[in-house]
Amino acid sequence: MEQLECLIIGSGPAGYTAAIYASRADLHPVMYVGLQPGGQLTTTTEVDNFPGYPDGVDGNAMMEDLKKQAERFGTDVRWGLATAVDFAKEMGGWHTITIDETTQIQARTVIISTGASALYLGIPSEEKFMGFGVSACAVCDGFFYKGQEVVIVGGGDTAAEEATYLSKLCPKVTLLVRRDQMRASKAMQNRVLNTPNIEVLWNTETVELLGDKGVEAVVVRDRLTGAIKEIPAKGFFVAIGHKPNTDIFKGQLTMDDTGYLKTTPGKTETALPGVFAAGDVQDKVYRQAITAAGTGCMAALEAERYLGGLH
Ligand code: NDP
């Protein structure tokens with residue numbers, strides 16, 4: 001069986017940053033890219049908030065650059081999906097990972113950077129306008145709708161936070177909440193309700209998005225009366241939650257009640273020796289490329305120190 005010093009699962013900004021640091025530290029990392037090579041940034045168009053790109057950068061191009069940078073230092077980037085894990089419990093033990101349900105591989109350290117997937121409504125027009133009016137990240141894409149009217153859907157802390165963020169850029173923000181109350185904390189709700197240019201439509205669901213090349217309007221239905229109306233909007237933000245990609249770690253690693261991996265505060269180490277988690281898979285608060293990259297760097301440094309302690 002192939003045995004490695006460092007295996008990285010997942011290929012978003014956290015995984016690639018871990019790969020750059022791990023390969024420069026001679027850990028000879030192997031990365032399996034997973035189902036969505038490049039991660040969530042490949043579903044966006046322009047990335048404008050990653051430091052170092054004064055003119056912004058296309059999400060796909062940025063991930064391609066990160067891949068090249070990791071490969072320049074010797075990271076072995078492979079196609080494949082980790083489908084099962086059997087983590088050692090003791091210090092210095094071999095962790096066994098199954099790739100594509102067929103190949104088993106062992107590693108002394110594993111960096112988990114499998115990310116999280118934004119949940120979408122699942123209506124056809126949402127798919128059609130993905131990246132052209134539809135976004136699941138207001139902090140990433142809100143700026144492109146500066147001065148325009150936008151709609152955001154959701155009733156949790158993310159929706160409340162993003163609606164407030166958008167209200168500083170856009171003249172009118174309409175928040176669609178499917179029930180007669182929000183799930184967000186009272187403080188966040190109050191902020192939304194006290195912001196004059198945010199209108200909350202309660203008991204309201206999205207029917208479809210209208211437009212040609214981009215979104216022009218959102219068709220909504222009042223769930224109590226059945227009344228349909230059109231809201232003009234150039235941007236449609238979906239903030240109905242994320243699902244961390246942690247199914248294969250169930251029963252092996254500690255998670256919070258929504259499935260995010262738990263790490264020691266201020267570190268990326270999990271409860272198991274030699275297993276680290278970086279990026280959105282362990283962060284439901286910040287969820288930015290730059291914070292993911294930061295924790296990817298931390299994971300590689302912690303893996304290096306862990307391996308150093310074994311010899
Ligand atoms: P949540 O799961 O908390 O909320 C999701 C919201 O979306 C709910 O209001 C839900 O409605 C609504 N929703 C779900 N599906 C649909 C649908 N198909 N159509 C319309 N609405 C839908 O997700 P969040 O991303 O808001 O938050 C995730 C976690 O992260 C929470 O624990 C939150 O507290 C935390 N967080 C903390 C922040 C902070 O501390 N600053 C910032 C952001 C998040 P319903 O209520 O009816 O189910």
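All of the numbers you see were taken from the coordinates with simple rules; none came from a lab. Since the structure is predicted, the reported quantities are computational estimates derived from the model, not experimental observations. Positions of Cβ are backbone-derived with ideal geometry, glycine not excepted, and every protein chain shown enters the neighbour counts.
Taking Cα centroids, how far is segment 241-310 from segment 122-145 in Å?
That distance is 27 Å.
Could you size up the charge dipole of the chain around its Cα centre, putting +1 on the beta carbon of Lys and Arg and -1 on that of Asp and Glu, and report it in debye to the nearest 20?
680 debye
Which percent, to the nearest 5, of DSSP beta bridges fully inside segment 48-198 are antiparallel?
In segment 48-198, approximately 60 percent of DSSP beta bridges are antiparallel ones.
What is the calculated FRET efficiency for residue 48 to residue 98, with r their C-beta to C-beta distance and R₀ = 41 Å, to the nearest 0.05?
Efficiency, rounded to the nearest 0.05: 0.60.
Over the Cα atoms of segment 79-237, what Rg and Dmax result, in angstrom?
Cα only, segment 79-237: 20.7, 63 Å (Rg, Dmax).
How do 23, 11, 185, 113 rank when sorted from fewest to most other Cβ atoms within 10 Å of their own Cβ?
Final ranking by Cβ density, sparse to dense: 185, 23, 11, 113.
I'd like to know which of 210, 194, 170 lies farthest towards the positive end of the charge dipole of segment 120-238, counting +1 on Cβ of Lys and Arg and -1 on Cβ of Asp and Glu.
194
Normalise the Cα radius of gyration of segment 1-160 by 2.2 N^0.38 Å (N = residues in it) and let me know the number.
Relative to the rule-of-thumb radius for its length, segment 1-160 sits at 1.21.
For the residues 89, 234, what sequence is obtained by ranking on other C-beta atoms within 10 Å, fewest first?
89, 234
State the cysteines of the chain left without a partner when partners are defined as other cysteines whose beta carbon lies under 4.7 Å away.
Within the chain, the cysteines lacking a partner Cβ under 4.7 Å are 6, 170, 297.
For a quick size check, give me the Cα extents of the chain along its three principal axes, largest first, whole Å.
67, 38, 34
Any chance you could run the full-extension gain for residue 290 through residue 180? It's 0.36 nm times the residue separation minus the Cα-Cα distance, nm to one decimal.
36.0 nm
Give me the percent of DSSP beta bridges within segment 120-238 that run antiparallel, rounded to the nearest 5.
Approximately 45 percent, going by the DSSP bridge assignments.
Given an 8 Å cut-off on Cα distances and at least 6 residues of separation, report the relative contact order of the chain as a percent.
The value is 22 percent.
Any idea what log10 I(q)/I(0) is at q = 0.19, 0.22, 0.27, 0.31 Å⁻¹ for segment 210-265, Debye with uniform C-alpha scatterers and no solvent?
Result of the Debye calculation: -0.74, -0.85, -1.11, -1.19.
Ranking 79, 94 by Cβ neighbours within 10 Å, fewest first, what do you get?
Lowest to highest Cβ neighbour count: 79, 94.
Kindly provide the helix-only [θ] at 222 nm of the chain, computed as the sum of -39,500 (n - 2.57) over DSSP H runs of four or more divided by all residues, to the nearest 500 deg cm²/dmol?
It lands at -7500 deg cm²/dmol.
If you look for lysine pairs in segment 120-238 that are eight or more places apart or on different chains, how many of them have Cα atoms under 25 Å apart?
Going through segment 120-238 pair by pair, I get 18.
Have a look at segment 30-95 and give its Rg and Dmax from the Cα atoms, expressed in angstrom.
Cα radius of gyration and Dmax of segment 30-95 are 15.7, 48 Å respectively.
Can you tell me the 0 to 90 degree angle between the C-alpha axis of helix 59-72 and the longest principal axis of the chain, rounded to 10?
Helix 59-72 and the main axis of the chain meet at about 10 degrees.
What translational diffusion coefficient, in µm²/s and rounded to a whole number, does the Stokes-Einstein relation yield for segment 207-311 at 25 °C and a viscosity of 0.890 mPa s, taking the hydrodynamic radius as the Kirkwood radius over Cα pairs?
144 µm²/s
Please report, in debye to the nearest 20, how large the charge dipole of segment 95-194 is about its Cα centre when each Lys and Arg carries +1 at its beta carbon and each Asp and Glu carries -1 there.
The dipole of segment 95-194 has a size of about 420 debye.
I want to check the label-to-label distance for residue 205 and residue 271. Put each point 7 Å from Cα in the C-beta direction and report it in nm to one decimal.
If labels sit at residue 205 and residue 271, their model points lie 3.8 nm apart.
So how tilted is helix 157-167 from the main axis of the chain? Cα-based, degrees 0 to 90, rounded to 10.
The answer is roughly 60 degrees.
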